[in-house]
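The values are calculated or read from the model by the stated rules, or taken from the named source; none is laboratory data. None of the values given here were measured: they were computed from a predicted structure. Ideal geometry is used to build each Cβ from the backbone, glycine not excepted, and the neighbour counts take in all protein chains shown. Protein only, heavy atoms only, side chains kept; ligands, DNA and RNA dropped before computing areas. Shrake-Rupley method; radii C 1.70, N 1.55, O 1.52, S 1.80 Å.
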Amino acid sequence: FVIPLIGNYQTTFGVSNEGLLKIVQYLTSSFKGPCRWWIGTTMYVIVKNPEDMQTVLNSPQCLSRAEVYEFLRSFGGEGLVALPESEWKVHRKLLNPTFSLKILQTYMPIFNKEVKVLVSRLKELTNKKDATDIYTYMDALTLDVVCQTTMGTEMHIQKNQNIEYLDAGNNLLSIITTRMFNPLLHWDWIFRLTPFYWVEKKSSDITFGFVDKILQKKKINYKPPETSKSDDDDDLPLKTPQIYIDQLMKLRMVEKKFNDRDVVSEANTIVATGFESTALVSSYCILMLAMFPEHQQRIYEEIKSIMPNKEDDVQYDDFGKYEFLERFAKETMRLFPSVPLIARTASAPFELGEYTIPAGTNIVCAISMMQRDKTVWGPNADKFDPDHFLPENLEKVHPYAYLPFSGGPRNCIGIKYAYMFLKTILIHLVSNFKFRTDLKMSEFRHRMDITFKLINKHMVYVEKRDA
């Protein structure tokens, strides 16, 4: 029931983030969607079925992010994720070419180099009798890689350097989550009275200050890119990594489309959205490898048939050959999407099925619930089965039933980057190690964060794989 001024908030007050997730699961499973929920005087409409997802994510009235995304500015500034619709359209059009496949392929040497550093770190665990939370290793790896591809800076976080930057990033993500799910902290004046504010301020100073220093150095040493290329040069592969901030600098210094704030914000946004989500997905993949040894063995055999020498670098041109690995990764992201919920705000009234959604309504897309829905994925929707992604099985599934990177025009700009990096991680790790775990899926407990966090942690044993 709804109480004036409070809405349904009385049912969530004092509830843990694990409890909040269970409430959303209860709502989406108990009521035919879309369902309505009030937090204070703000109305949320929760959608779960693919048809509604497709309508919302493609509607021109739903291109604005929900108000809670404002809190992401402490990490990403005025970047793609937090920008209002009108500015987002301009930035997205300018930034799409920076994630072209040709540019992304130049990152492969960075992916390979840093994952090999991880391999050397994990070798130290092969004699360890206790299970290890693999996420702590993935967190360092992904931040190292994202910082190199975004800012051209080797952070050596895997070698225990620049840990304050990693801590600052994790602090910001934690505080952003706390604000999002505590309506009292939505008011800035209340938030500023809490210890969170000072931790956020210090952490933001570290992350923004770091990128700003890089920007100022690049401005001093900036040289416009060569323009005397032949018409055929666009077909040639790029030989050096096309660092993201260098591409932003071109928009700043040559095309005059960005200012300093835009460059710093967009660089920070890629770091903020890239490192934790990739760390989480790769950690779930390793946990699934450990939990299903038959799948792990099949992936190993597939890798050996494509890359017999485990010391080799993973090649982009081989990615299309890893058919089972791809299905395995997609099935992991189906059951454990890095972002379980996304939210939009209706800028104008629009039709959603038989309902008219009023302007100003926040629409929550319950992605993790949809991707486990038995009416969508069949009676075994809760079971881990890579065969869900066999072509003949996918034909029966709505195209918007699988949205680990959101969907529609405001989807994740880094989809291809994420897949390339994830596959590189898995190929190297399965080539070198066997993973096992004592955890069972029936024991998993999750909590409602920006990302889909596992309370049990990603606890695995690491064993050296025989040559």
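Key figures
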item	result
With every protein chain in place, the chain: carbon and sulfur % of accessible area (1.4 Å)	54
Approximate spin-label separation K22-E463, in nm, with each point projected 7 Å along Cα-to-Cβ	3.6
Shape category assigned to the range 80-203 from the gyration tensor of Cα positions, a/c cut at 1.5	oblate
Sum of side-chain charges, M420 neighbourhood, beta-carbon under 15 Å (Lys, Arg +1; Asp, Glu -1)	+1
Cut-off 18 Å, label 7 Å out along Cα→Cβ of D260, residues of the range 50-92 by amide N	77-79
Heavy-atom SASA rank of W198, W38 (probe 1.4 Å, accessible area, largest first)	W198, W38
FRET efficiency, D387 to T136 (Cβ-Cβ, R0 30 Å, nearest 0.05)	0.40
Peptides ranked, highest mean first, by Cβ atoms within 10 Å: ranges 59-66, 86-93, 384-391	59-66, 384-391, 86-93
Spacing of the two label points (7 Å from each Cα toward its C-beta) at N96 and T194, in nm	3.9
Per residue accessible area in Å² of the range 81-202, where ligands, DNA and RNA are left out and the probe is 1.4 Å	46
Sum of side-chain charges, T142 neighbourhood, beta-carbon under 11 Å (Lys, Arg +1; Asp, Glu -1)	-4
Helix-only [θ]222 nm of the chain, DSSP H runs n ≥ 4, -39500 (n - 2.57) each, per residue, nearest 500	-14500 deg cm²/dmol
Ranked packing of 159-168, 357-366, 308-317, most packed first, by mean Cβ within 10 Å	357-366, 159-168, 308-317
Within-14-Å neighbourhood charge of S16 [Cβ basis; K, R +1; D, E -1]	+2
Accessible-area order (highest first, 1.4 angstrom probe) of the listed residues R465, R436	R436, R465
The range 304-409, relative contact order in percent, only Cα pairs under 8 angstrom and at least six apart counted	27
For the range 110-174, size of Cβ-based charge dipole, Lys and Arg +1, Asp and Glu -1, in debye	340
Listed peptides 47-56, 439-448 by packing density, highest first (mean Cβ within 10 Å)	47-56, 439-448
Cα gyration tensor, the range 237-379 - rounded (a/c under 1.5), prolate or oblate	oblate
